[in-house]
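Engineer: Starting off with a structure, shown below.
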Amino acid sequence: MGPPLAALLGSLLVCCAGLTKGLKITSTDQPMVEKAQGEKVTLPCTFTISQEDTGPLDVEWVLIPTDNLKKEQTIVMYSADRIYNDYYKEMNGRVQFTNPDPKSGDGSIHILNLKSTDTGTYQCRVKKAPGVESQKIQLTVLVKPARTKCYIEGSQETGSDLILKCASQEGSPLLSYNWRKLTGTKELPATSLLNKDTGELSVKNASQEYSGSYSCVAANRVGTDECFVVLNVTPPINTAGTIAGAVIGTLLGLFLLAFLIFCCCKKRKEKKYEKEVHHDIREDVPPPKSRTSTARSYIGSNRSSLGSMSPSNMEGYAKTPYNQVPSEDFERPSGQNLNFTPSKYDLAYKIHDITVV
Ligand SMILES: *[C@@H]1O[C@H](CO)[C@@H](O)[C@H](O)[C@H]1NC(C)=O
């Protein structure tokens, strides 16, 4: 045995002595654990102690908050042959050492009935002075999908577009949704499009054969939840005809109203015009020097408007200067005179004429 070999053996001895020297955590380093809400988890922490570690054995589990400013929380402790497990109110009664005697080298714990708030980084610290060792493990508590609701958005008439919607009110990401048809052909509508992330099944141009029961299953890594909905595609009520009828009716009514207003206006204008004519003649036309046809036409128009016998008409009539009124009768050839059958108003004229004359 040469000096080099001795040196090698010596260094190996030192090395191995160094390895076995002192406290050592032996559970495999498992950085992450995922569990569903309500389940139980075992956080492992096995260790070996050596003769050199002469101090008392302490095994402590702490929850390290994600927020660095927050204090870390002791969960459970084994110290001087005693177990203390009422540090953390939120885990009261749900945490225990897997081995009632951690001194044997097993400081693993169980956490029962997991809650989503139990998510965090846990650290196992084993101390037997001068030996100190620790190991971290990240626990994620996933919530199963739950309270999943199915419903339909949009009109369920043939030819319309509608959406079958599905959403879980509980459940950790990533949730994915899947729709199935339970009745008939059991095939999703040909014109449908499924979005697994949003849970929407878009159906275009609905047809009656799409009717039936549908189910939606929401799933994440730890569980599933299902809901059901019934689609009933019906022919549309013929509202088009009703609407067209109503529109046409309204238009007709409006047209009639417009016509009436037009007529009314026209009549009023005519009346006004008549009056104007009446005044024009009285004021603008000088008394005829000779008896002209103007006067005759004036009488004629007056006669027609006298049909209504309004007081204003009568007034205008009464005010007519007598000397303007032609005494037609006197002018008329005797032959015409014979055929003349005087009306009430003609008689009135005559009376005036007579009084003037
Ligand atoms: C809607 O579906 C009917 C048959 O169900 C078809 O005749 C029609 O062309 C479709 N319309 C559109 C816009 O796709």
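The values are calculated or read from the model by the stated rules, or taken from the named source; none is laboratory data. Since the model is a prediction, treat every value here as computed from it, not as a measurement. Glycine also receives a Cβ, built like all others from the backbone with ideal geometry; neighbour counts cover every protein chain displayed. SASA here: full protein model, heavy atoms, side chains in, ligands and nucleic acids out. Shrake-Rupley method; radii C 1.70, N 1.55, O 1.52, S 1.80 Å.
Engineer: Could you tell me which of the residues 120, 171, 105 is at positive phi, in contact with a Phe, Trp or Tyr (Cβ under 7 Å, 6 or more places away or on another chain) and open to solvent by less than 50 Å² (accessible area, probe 1.4 Å)?
Structural biologist: Just one listed residue meets the conditions, 105.
Engineer: Next question, about the same structure. Could you check, for the stretch 195-208, whether at least one of its residues is in the same structural domain as residue 154 (by TED's automatic domain parsing) and in contact with a helix residue (DSSP H, G or I) (Cβ under 7 Å, 6 or more places away or on another chain)?
Structural biologist: yes
Engineer: Would you point out which residue out of 182, 162, 201, 174 is within 19 Å of the chain's Cα centre (by Cα), more than 15 Å from the ligand (Cβ to nearest atom) and of a type outside the set (Asp, Glu)?
Structural biologist: Answer to the selection: 201.
Engineer: Look at residue 192 and say whether it is polar (S, T, N, Q), outside the structural domain of residue 28 (by TED's automatic domain parsing), within 16 Å of the ligand (Cβ to nearest atom) and modelled with pLDDT of 95 or more.
Structural biologist: yes
Engineer: Ok, one more. Select the strands (runs of 3 or more DSSP E) contained entirely in the stretch 78-167, then report the ones holding at least 3 residues which are touching an Asp or Glu at 6+ places or on another chain (Cβ under 8 Å) and touching a residue at least 40 places away in the same chain (Cβ under 8 Å).
Structural biologist: 120-128, 131-142, 146-153
Engineer: Quick check on the stretch 230-250. Is at least one of its residues at pLDDT 80 or above and either within 30 Å of residue 35 (Cα to Cα) or in a helix (DSSP H, G or I) (or both)?
Structural biologist: No, there is no match, as no residue in the stretch 230-250 is at pLDDT 80 or above and either within 30 Å of residue 35 (Cα to Cα) or in a helix (DSSP H, G or I) (or both).
Engineer: Would you pick out the residues in the stretch 108-117 that are under 50 Å from the mean Cα position of the chain (by Cα) and open to solvent by less than 30 Å² (accessible area, probe 1.4 Å)?
Structural biologist: 109, 111, 114, listed by residue number.
Engineer: Still on this structure, please answer the following. Return the residue satisfying two criteria in turn: it lies in the stretch 204-231 and is polar (S, T, N, Q) and more than 15 Å from residue 163 (Cβ to Cβ), and of such residues it is nearest to the ligand (Cβ to nearest atom).
Structural biologist: 207
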